[in-house]
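No lab work stands behind these numbers, since they all come straight from the coordinates. Small disclaimer: the values here were computed from a predicted structure and weren't measured. We place every Cβ from the backbone using ideal geometry, glycine too, and count neighbours over all the protein chains shown.
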Amino acid sequence: MSRVGKMPIAVPRGVSIAIEDGEVAVKGPRGELRRRFSPHMGITLSDDSLTVSRPSDDRVHRSLHGLTRTLLANMVAGVTSGFEKTLEIVGVGYRAQQSGQNLVISVGFSHLVEVEPLPGITLSVEGNNRIKVFGIDKETVGEMAARIRAIRPPDSYKGKGIRYSGEVVRLKPGKAGKAIGR
């Protein structure tokens, strides 16, 4: 039995859940999320908890069991508290500015890069070098953060670029390290 899949999901007050033909709609104080799940998975709402069950021990059903439960838990967490990712810009002259809902990033190119947020995402800038990505859908928040990071990923020699907060960038030794190794 899947350890993740068999755990019940606690539904907090103020969150309503509607289950219809494999589609689950979760509505809470921060918004509403809808997602279609596999028709093989049994999703039941009882009192203040959601449970996911599987019809058999087939490999496909076992893999869908934990996945379905995790996606449902992320939906409930998203409509109650939301998800946030923080990015840091490292480098001399590298900075970000807010321009309405969009973001204008200067990271060493000959031009400024303008980033438009995906639907349901809020971008904010703290100082000149910290970007916060906030939203209720965990998948979309991660996608938006990855798109921003892809503009200028961290350089492996100097460490300059856009990185996730807390990301450790291993720096390679330059040419001097090459000569020592002989």
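Using alpha-carbon pairs under 8 Å, 6+ residues apart, how would you state the relative contact order of segment 83-164 in percent?
Averaging sequence separation for qualifying contacts and normalising by length gives 36 percent for segment 83-164.
Which order do Thr70, Thr44 fall in if you start with the one that has the fewest other Cβ atoms within 10 Å?
Thr44, Thr70
Measuring from a point 7 Å past the Cα of Tyr157 along Cα-to-C-beta, which residues in segment 99-116 have an amide N at less than 18 Å?
Of the residues in segment 99-116, 108-109 have backbone N under 18 Å from the label point off Tyr157.
Pairs Lys85/Lys172; Lys27/Lys132; Lys138/Lys175; Lys27/Lys85; Lys6/Lys132: which exceed 31 Å Cα-Cα?
Violating the 31 Å Cα-Cα cut-off are Lys138/Lys175; Lys6/Lys132.
Using the Cα atoms as the points, what is the convex hull volume per residue of segment 9-80 in Å³?
71
Give me the aspartates and glutamates in straight-line cross-link reach of Lys160: C-alpha distance below 16 Å, same-chain residues under 8 apart excluded.
Within reach: Glu88.
Compute the angle between helix 138-149 and the longest alpha-carbon principal axis of the chain, please, reported from 0 to 90 degrees and rounded to the nearest 10.
Roughly 10 degrees, rounded to the nearest 10.
Cα axis of helix 59-80 to longest principal axis of the chain: angle in degrees, 0 to 90, nearest 10?
80
Please order Met7, Met41, Met75 by the number of other Cβ within 10 Å, starting at the fewest.
Ascending number of Cβ neighbours within 10 Å: Met7, Met41, Met75.
So if each residue of separation counts as 0.36 nm, and I subtract the Cα-Cα distance between Asp48 and Gln98, what length gain in nm does that give?
13.9 nm
Using +1 at the Cβ of each Lys and Arg and -1 at the Cβ of each Asp and Glu in the chain, identify which of Ile89, Ile136, Met41 lies farthest towards the dipole's positive end.
Farthest towards the positive end: Ile89.
In nm, give the distance between the simple-model label positions of Asp58 and Glu114, each being 7 Å from the Cα along the Cα-to-Cβ direction.
According to this spin-label approximation, the distance is 5.0 nm.
Nearest 500 deg cm²/dmol is fine: what mean residue ellipticity at 222 nm does the chain get from its DSSP H runs of n ≥ 4 alone, each adding -39,500 (n - 2.57), divided by its residue count?
About -7000 deg cm²/dmol.
Looking at Val104, Ile17, Ile151, which one has the Cα that reaches farthest to the positive end of the dipole of the chain (charges on Cβ: Lys, Arg +1; Asp, Glu -1)?
Of the candidates, Ile151 comes out farthest on the positive side.
So if I restrict to the alpha-carbon atoms in the chain, what is the Rg, and what is Dmax, the biggest pairwise distance, in Å?
Reported Rg and Dmax, both Å: 21.4, 69.
With an 8 Å Cα cut-off and a minimum separation of 6 or more residues, compute the relative contact order for the chain in percent.
With pairs under 8 Å counted, the relative contact order is 18 percent.
Within 15 Å, Cβ to Cβ, of Asp137, how many net charges do the neighbouring residues add up to if Lys/Arg are +1 and Asp/Glu are -1?
After counting each charged neighbour, the total is +4.
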